[in-house]
Each structure stands twice: as C-alpha cells, then as structure tokens.
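Computed from the coordinates by the stated procedures, all read-outs in this text should not be read as laboratory data. Everything numeric here is computed off the predicted structure, so don't read it as measured data. Here the Cβ positions follow ideal geometry from the backbone for every residue, glycine too, while neighbour counts run over all protein chains shown.
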Amino acid sequence: MTVPADAVSGRRELVAGFVQRHGALAVLALSVVTASLVFESFASFDNASGIAIQSSFLVIVAIGMTFVIICGGIDLSVGSVFALGGVLAAYASRWGTLPALVVPLAVCGAIGLLNGVLIARLRLAPFIVTLASLLGARGLLLSITDEGASTYLVPRESSFVEIGRGTLWGLGYPVFLALALAALAGLVLQRSRFGQSIFAIGGSQDAAAMMGVPVARMKVLTYTLSGLLAGLAGTLNAARLGSGVTILGVGLELDAIAAVVIGGTLLIGGAGTISGTLSGVLLLGVIQNVINQIGNLGSSYQLVTSGAFLAVVVVVQTYLSRTQRLH
Amino acid sequence: MDSVPLLSVRGVCKRFPGVLALQDVSLDLPAGQVHALVGENGAGKSTLIKVLTGVHRADEGEIAYDGRPVDFHQPKQAQQAGISTIYQEVNLIPLMSVARNLFLGREPRRFGLIDLPRMNREASETLARYGVHVDVRKPLRSLGLGAQQMVALARAVAIDAKLLIMDEPTSSLEPREVETLFGVVRELSQRHISILYVSHRLDELYRLCDEVTVLRDGRVVHTGPLAAIDKLTLISKMLGRDLGGDGVTKFTHDRRAALPGPPQLRAEGMDKRNLLHDISFEVRRGEVVGLGGLLGSGRSETAKAIVGALPVDRGSVWVGGRRLARLSTAAAIKAGMAMLPEDRKAEGIIADLSVRENIVLAAMPSLHRAGLVSRRRQDQIVDVFMKRLRIKASSPQQRVGELSGGNQQKVLLARWLCLNPRVLLLDEPTRGIDVGAKAEVQALIDELARAGLAVVLISSDLEELVEGADRVVLLKAGAVVGELAGDQVDEHAVMGMLAHG
C-alpha cells in the first residue's frame, strides 16, 4: 500500500499549518492542565484572575506588536513608551481623569507616528529607528522625573484609579478592556482593508505596492497604533498602581515580541493572528505563575524557561514554514 | 480598424546615461488587438514597457491613450487609467489566500467589514472562468505557477483593464497551462481589451497575435501584420541580419580541426523542469562549440547548469573523461571549468576592488601557503596575465570599475585563466564592449582554443557565433534542435534551423 506523494505532502502541509496557527493554544491548555494537577493553589479563581490582570497590559502592547510584525517590521520602543505613558498619566492625573488619559496617549501616539514616518517615508530600518526611540522615550521619562528621583502619585480621590482597580465579576477592568481590544484587533486584521494591506506589505512589499496598496501610509498607521497601545497599557498600569513608576517596562518589548512569535506570527512578516498572540501572552503568564508557585526556584528561572520556550518555538516555526514552502 | 487606436505611441525617445534606450519608437494598438513585441536582449522592450506603465518617463515623443495624451509619472496612474501589467514573475502575495489576493484593495464589504463568504464565492466563480478550480481560501503559494499566473491575470482584468501588457507570461508554464492562457487571451481580445504580448517563443506569437513590432537597438525595425511575415524573415529582423553579408569579426576563418582524444567536456541529459529538456553535447580540446538560439532558448541556462550554478533535475557532466560526482560550482572549478557570466557587473566583476585583486580572487585557494598568500606570487601572476591579455590599466592597483567594458571582460578572463582551466564557457563575451575591444576578445578566444582549451561560446551576435565556432549546437525552447559543423555553419543555416527546427 502506498499513499500518493501528493496526498502525503498535502496532509503534512495541513498539519504544519494547524500547528503553526494553534500550537500556542495547545501548549497553553497542556500547561494549564498540568499545573492544575501539580499545584493545588493554581486552579483557584483568585490565581486565575491574578494571571489575567497581570497579562492584560502585555496583551495590549502585544496587539500593537502583532500588527507591526505582520507588516514586516519590529517595534523595540514599546517598553519605554509603556513606562513613559504611565508616568505621564500619573503626572496629568492631578488635572483630572480625562487629561490623565489624553496626555499619555497623545505623546505616545506621536512617538509611534514619528517611528512610522522615519521607517516608511525615509525608509530607515525599523530596528534602528525604534531602538533610537526606545532610548529617546526613556530619556524623556527621566527628564520629567528628575532622573527618576521623583515619582508622581495619582491623587487618592481621583476617579482615574478606578479604571485600573475596578472589578466586574471579580476580574479587573483592564482584563475586559484587553479582551475587547483583542477582539476588535482580530476583526480589523481579518476583515478590514487596513488589515489586508498589512498582510500584503509583510508578505511582499514590492508586490503590495504594485497591487496598489498605499504602503507608506499603512506602515505609518501601524507604528502609530503600536505607540498608542503601548501608551494605553502604561496608562492603565499607572491607574492600577496609583503612581507612575519609572523603572517599569524595561525589557517589555522583548516579552511582547516573544508572545507574538510564540503565538505563531511569522517574524519575517506576512502571517499571524491576534488569537495566537493572546495564547502567547497567557502562556508566558502561566509560566511565570507556575515558577512563583514552586517558590524556591527564583524568578531567574522564569527567564530561562521563557527563553527556552521561545527558542523551541522559533525552531519549530522555521521548520514548519519550510515544510509548507517545499510543497 | 478605422477608429482611434486605444494606444498610440509617437516618436518616443528614452535616454539613460551613455545609452539611447529608445529611439523614435512609434506603435499603434487598436482596441481588441493582440500585438506582439519582440526583440533580442537590450533591444528596448523592457524600457518601452516601463515607459508605458509609468515606471520611466519618455524624454521625447507623445503617448496617447484612450484618445487623450497621457504622461504617467507613477505606475499607479497607469493602473488607474486601465493599463495592467503581468510580469514574468508573479507579483502577488504568496502567504495570503487566493481570494484575498484576487480582491486586495477592492474587497466586497458589508457593514464596513469584508464580506468573506461573498468574496470567496466570487473568487471561486471568477477563477472557474479561467479554468482554475481550487480552494480559494488556501494560500496562493499552494497553487502551481500556472494557476498563480491565472490569478494575476484575473486580477489584472478585474480592475477594468483596457490594455494588458504581458511580459513573457508563458516562460514558467506547463504546455497545458499555456493553452488555458491562450484561451483567456483570445476571450479578452473579443471583449475589446488590447494586449501587448512580449515573448521569445515565436510559435506562440504566430498562434496568438495579430500584429508584430520588432525592436532592435532601441528602434522599431518592423511593424505590420504577423501573417504577412514568415518566421525566417522575422528572425532575421530581430537579429539584424540581411540574409547574406560579409563577416567583419576577428576570428580566423578556417575551422580548427579538433584535437584527437576523448571529449574534454561532455554534458548529457541535462534536464530542468520548464527550462531545459534533455540537453546533450560535447566539446573536444581545441574546439569552440557555439550554443545558438534566440533569447530564452536556454543557452545561458545550459551553461549555468553545466558549471553547477543552476540546479538541474537530471543530467551529468564529464570533464576530461571523468564524471563529476555532483554538480556544484566548487566541483566545476575543481574539475577545471571556468565560466564567464553573461551579466559581468552582477555576477563577475567586483568594481571596487583593484585589477590585481579581481584577477587573483579565484586563484587564492591555490596560492596560499599555511593560510597566507604571498604578495610576490600574486604580482607575478597578475603581471603575466595583464601582458598576455593586453589589459589596459594604469596599474594593477587601478579600480576595475574605472576600466572600459572590454578591459573588464579581460580581467574576468584572466581571473579564470590563472586557474589553468581545461574548459571555458563564455556567455556573451563581447556584449556591451566597443568594436576594438570586441575584436581583441575574439582574437583571444581563438588563441585560447589553439592552445588546447575546450571552449563553449554563447552569443546573440549571429556573426560572432558563426565565425567563432567550429560547431554550433542550436537550442530552442530549452531543447537541442540541431547541430551544424564545418562548412555547414553559416548564418542562413542557423536562421533556417531556428525558424523551422
């Protein structure tokens, strides 16, 4: 009995495609089940809602990163922008809730816009441009806070903190906001012309331009979105903490990139999903939680585990996309 | 046709630094006509296409489209006016689904969102009309090249194209796919869409096209109904040869007798899907074998396959009676083969390095001792070859980029000759170099063959081929169609074989 070669490669391709898209979800489910069996305290509602609220900020940042990576770029500035957004929100909260939202979003959106213009119009490398704004945003933050010496507190009576601390059905508001944003982003990606353009640009920039996609404009929009979302995440975090903490967000861009890539988005662009990113973020959150449960391991091992995970995922991804391409 | 033509080109000129790419080119294309555009390499076809599609702007002349004068600055303007281009390489997004590719930028929407079910349904229906029955939700790259080409065509037509420019659309298609494509082209022509069809496959042109325009050296040398011109005349127009005429090359006119012994180079059954079909030939020591054929016939591909620069599906190569275990460039060099590529700027010369560095580049591995290369030995070698090939440079330190085309070519030759090769493959060795240098390079080829090298010569210059080669192997659509040897080798015979072989 022999199976035609076509059928075999077809099936392999199908499997490869499935793993590519849903691998993170499968591993996430497996980790959750294993952790629940091993640690009694894991499967509690309190623990789950803790993971959810902690992950919600990274989800918001990672949504922006998903867009950027799908369109073939990278945004290293989101960690700094996240921290800057938090400090600006805390600073502006003295004038009321609305300024505490508008000021950080305006500044962070502007940084994203600047990234986009430099990358799309001046055709500079995304890596370098966003590395520069990583440093620039961090510097801006330090200059506002007297080299990090002063920490702005959100006034105790401000309704701004409610946004970060309020709960519904035992889950924090940021969780719902993150989920709503993820759903919206998924819809935009799959069902809007903007989303299609991003896939096209990441798939082949030249072909996209020839097919009439306004490449530069779409890229500017993508980086602006990434800046806005990073700023929003920082703002929410400040609301939750009640202050603008200057040392936050260091290395956050790498967590976001890791989550996006673990979620099956191709690092070279052109393919990816928001649902995958969601699984990726939660997986990182669960790993962190489990290592905290073990207790005596120490948080350093969290990095080791996340790193190992990322390495495995990238290897598998490369293998899978080669399998699919060979067809 | 008595109405105003859809496209009318009048006296268009296009200059690039040092070159007049288009000279006084005129062309009329009535609605619904399938017009063939032919010419050899460098004849100006691509420049003309680029001028029509807004990639380049004409320096002089007028283009009228749909009754109005136009001057496109950007490809997008041409597209919006209804000029669509289908390139040799499919220009779509491989990772996106077939339907999304087909509809990118004009997706059907409902409540502001893309209506996926409707888009997929319409995509299936549209493609079915082109004979493509696939799951349109699958990524484009899962389709064969032919089907991808059809998607590109369907997309081009769907965006209300009135003029379709097709640049070598069949070069990567299977025969069956070519038939489907022809059917679609005929249907489009009936719907009054004009088609400018660029191809080197003359048989295809005769089956498909109404009129033909022949470009040579940037000028229109012939335009008229295709039915009124036979293949032989068409080829002679493309190659720029009046039938008969005297040679002015520097080759000695007496044919060399090949040296006795086994063939120095033997290629057997070289096969590459859609490119080469079972090509076999051999070259003896002291013999120059020409590979003839029109552009796209597989001449360069054959040479590249032999030296391992183009992976083949099947085929074997023998050098000096020994079969190469595997075909790779490293194995080819080791076996004593050297190749002068067609595009010397992209694939050969390193313009920023000096003459010396360029010459000893390939010889480095054989010159070193314990990892170090003696400067004195390099200088000796460079000196010998600069004298022997009469390379005109101010010094061995001069940048190669500053040399003339002919001298660059000699530097490349020197690079390979200092490896002491047994087989030399020359792809268009005299293209783009001036007359004087051309004669010198030709004399050099002669000299090298006399010294016992086996030489494969590829040239679009028919005269060079006929006078330089002792034997000519003729290729057409990637297969050997004939061979001429000794006194049989003349321009008539070559053109005849290309037309009817």
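Under the 0.36 nm per residue contour assumption, what length would be gained going from the current alpha-carbon distance of B:HIS368 and B:SER280 to full extension? Present the calculation step by step, with values, prior to reporting the outcome.
Numbers: separation 88, 0.36 × 88 = 31.68 nm, distance 3.71 nm.
Contour length minus Cα-Cα distance gives 28.0 nm.
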Förster radius 60 Å - calculated FRET efficiency between B:ALA228 and B:SER328 (Cβ-Cβ, nearest 0.05): 0.75
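Once you sort the root eigenvalues of the Cα gyration tensor of chain A as a ≥ b ≥ c, which label holds: rounded (a/c under 1.5), prolate (a/b larger than b/c) or oblate (the other case)?
oblate
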Highest-fluctuation residue, A:SER143, A:SER56, A:SER197 considered, GNM on chain A with Cα pairs under 10 Å: A:SER143
Distance from region A:81-125 to region B:11-32 (C-alpha centre basis), Å: 52
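Enter the mean projected area of the convex hull around the alpha-carbon atoms of the protein assembly as shown, in nm², rounded to one decimal. Show your work: numbers first, answer last.
On the way: hull surface 181.0 nm².
Approximately 45.2 nm², given one-decimal rounding.
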R0 of 60 Å, Cβ-Cβ distance B:VAL384-A:ALA48: FRET efficiency to nearest 0.05: 0.15
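Can you check what the net charge comes to around B:GLN33, using other residues whose Cβ is under 10 Å from the Cβ of B:GLN33 (Lys, Arg +1; Asp, Glu -1)? Show your work: numbers first, answer last.
Values: positive: none; negative: B:ASP28, B:ASP210, B:GLU211.
Charge balance near B:GLN33 sits at -3.
Give, in nm to one decimal, the length gained when the segment between A:ALA106 and A:TYR301 is fully stretched (0.36 nm per residue of separation minus the Cα-Cα distance).
Working: separation 195, 0.36 × 195 = 70.20 nm, distance 3.74 nm.
That pair, A:ALA106 and A:TYR301, stretches by 66.5 nm at full extension.
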Net charge of Cβ neighbours under 10 Å - reference A:ALA230; Lys, Arg +1; Asp, Glu -1: -2
Under the Karplus curve 6.51 cos²θ - 1.76 cosθ + 1.60, θ = phi - 60°, whole-Hz ³J(HN,Hα) for region A:129-146, x wherever Gly or Pro sits: 4, 7, 5, 4, 6, 4, 5, x, 5, 4, x, 4, 4, 5, 5, 6, 9, 6
Alpha carbon centroid spacing (whole Å) that separates region B:54-131 from region B:259-313: 40
Relative contact order for region B:352-501, counting Cα pairs under 8 Å that sit 6 or more residues apart, in percent: 18
Region A:146-185-region B:370-395 distance, computed between alpha-carbon centres (Å): 73
Chain B, relative contact order in percent, only Cα pairs under 8 angstrom and at least six apart counted: 15
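Before anything else, pin down the relative contact order of region A:21-322: Cα pairs under 8 Å, at least 6 apart, normalised by residue count, whole percent. Can you show the working numbers first?
Working: 549 pairs, mean separation 105.0, N = 302.
Averaging sequence separation for qualifying contacts and normalising by length gives 35 percent for region A:21-322.
What longest range of chain A stays clear of loop-exposed trypsin sites (Lys or Arg not before Pro) (DSSP non-H/G/I/E/B, at most 10 other C-beta within 10 angstrom)? Please report the intermediate quantities before stating the final value.
Values: sites that count: A:ARG123, A:ARG156.
Segment A:157-327 is the longest.
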Per-residue [θ]222 nm for chain B (sum of -39500 (n - 2.57) over DSSP H runs n ≥ 4, rounded to 500): -9500 deg cm²/dmol
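Return the loop-located trypsin sites (Lys or Arg not before Pro) in region B:300-344 (DSSP other than H, G, I, E, B) with at most 12 other Cβ atoms within 10 Å of their own Cβ; answer none if there are none. Please list the in-between numbers first.
Details: sites: B:LYS304, B:ARG314, B:ARG322, B:ARG323, B:ARG326, B:LYS334, B:ARG344; in loops: B:ARG326.
Filter output for region B:300-344: B:ARG326.
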Restricting region B:1-91 to trypsin sites (Lys or Arg not before Pro) in coil, as DSSP defines it, with at most 16 other Cβ within 10 Å: B:ARG57
Given 16 as the ceiling on other Cβ atoms within 10 Å, longest exposed-site-free region of chain A for GluC sites (Glu not before Pro) in DSSP loops: A:158-327
